[in-house]
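For reference, the structure is listed below as structure tokens.
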Amino acid sequence: MDMRADQTNLDASDEVLLARYGAGDPAAARTLAARLVPRVLALATRLLGGDRAEAEDVAQEAMLRLWRAAPGWRAGEGRVSTWLYRVTVNLCTDRRRRAARREVYPGPEALPEAEDTAPRAAERLAQAQRLTALDAALADLPERQRQAVVLRHIEGLSNPEIAEILDVGVEAVESLTARGKRALTASLAGRREELGYHDG
């Protein structure tokens with residue numbers, strides 16, 4: 001393995017790495033995958049209601065599509081991450097629609113580990129319960145609201161980036177995000193104490 005090539009790739013943009021991979025540089029693909037797969041997997045997991053196995057399938061398919069697009073990718077064509085997020089959102093949408101048609105629901109949520117008496121274990125359990133509650137509340141949102149909220153508040157994308165991914169206007173993103181946040185707040189409002197949030 002050429003360590004100099006790997007170091008050069010670490011400093012390169014996603015777009016440069018994809019172009020290098022398209023030109024036959026496997027080290028560029030390794031660097032790009034290490035950078036993008038965790039983000040795509042996290043996004044897919046959120047959009048699929050926490051179903052990690054389905055999210056892994058989506059992430060794998062999204063990356064395969066990226067690798068297939070690499071030879072024709074032209075610099076300045078757009079951001080790789082935006083393209084990949086759009087593919088991921090579309091794949092998740094397709095899976096949820098197929099599941100709804102088959103009336104198949106996501107598998108049972110993972111049970112928390114046995115409670116430990118140590119304060120750190122209790123804090124980890126409380127954090128896990130908060131994340132489970134958030135995932136459940138996100139799963140109850142209409143699909144476009146869930147996508148907008150996850151992309152904005154969990155993935156940290158800007159409204160223009162989200163508009164490009166979802167193929168809507170910036171105003172629509174703002175509306176979807178605002179409605180989604182209100183719905184999440186309402187959904188979780190009665191569970192503040194149970195989830196360990198205390199006023200004051």
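The values are calculated or read from the model by the stated rules, or taken from the named source; none is laboratory data. Please read these numbers as outputs of a predicted model, since none were measured by experiment. Don't worry about glycine lacking a Cβ; one is built from the backbone with ideal geometry, like all the others, and counts go over all protein chains shown.
Criterion first (aliphatic (A, V, I, L, M), surrounded by 19 or more Cβ atoms within 10 Å (Cβ to Cβ), over 21 Å from LEU131 (Cβ atoms) and under 11 Å from the mean Cα position of the chain (by Cα)) does LEU84 satisfy it? Judged against the criteria, LEU84 is a match. Among the residues making up the stretch 91-120, those that are modelled with pLDDT under 65 and in contact with an Asp or Glu (Cβ under 9 Å, 6 or more places away or on another chain) are PRO106, GLY107, GLU109.
Only residues that are assigned to a helix (DSSP H, G or I) and either buried (at least 20 other Cβ atoms within 10 Å of the Cβ) or in contact with a strand residue (DSSP E or B) (Cβ under 8 Å, 6 or more places away or on another chain) (or both): list them for the stretch 145-160, please. Don't jump to the end; show me each part of the working.
Initially, the stretch 145-160 is screened for residues assigned to a helix (DSSP H, G or I), giving 145-154, 159-160.
Matches in the stretch 145-160: GLN145, ARG146, GLN147, ALA148, VAL149, VAL150, LEU151, ARG152.
Among the residues of the stretch 125-181, what is the count of those that are small (Gly, Ala, Ser), within 18 Å of LEU91 (Cβ to Cβ) and free of Cβ contacts under 8 Å to residues at least 60 places away in the same chain?
Within the stretch 125-181, the first condition is being small (Gly, Ala, Ser), and the residues that meet it are 126, 128, 133, 136-137, 139, 148, 156, 158, 163, 169, 172, 175, 178, 180.
Filter once more, so that each one left must be within 18 Å of LEU91 (Cβ to Cβ): 139, 148.
Remaining after also requiring free of Cβ contacts under 8 Å to residues at least 60 places away in the same chain: 148.
The number of residues fulfilling the criteria is 1.
Total residues in the stretch 28-58 satisfying the condition of being closer than 23 Å to ARG74 by Cβ and in contact with a Lys or Arg (Cβ under 8 Å, 6 or more places away or on another chain): the figure is 1.
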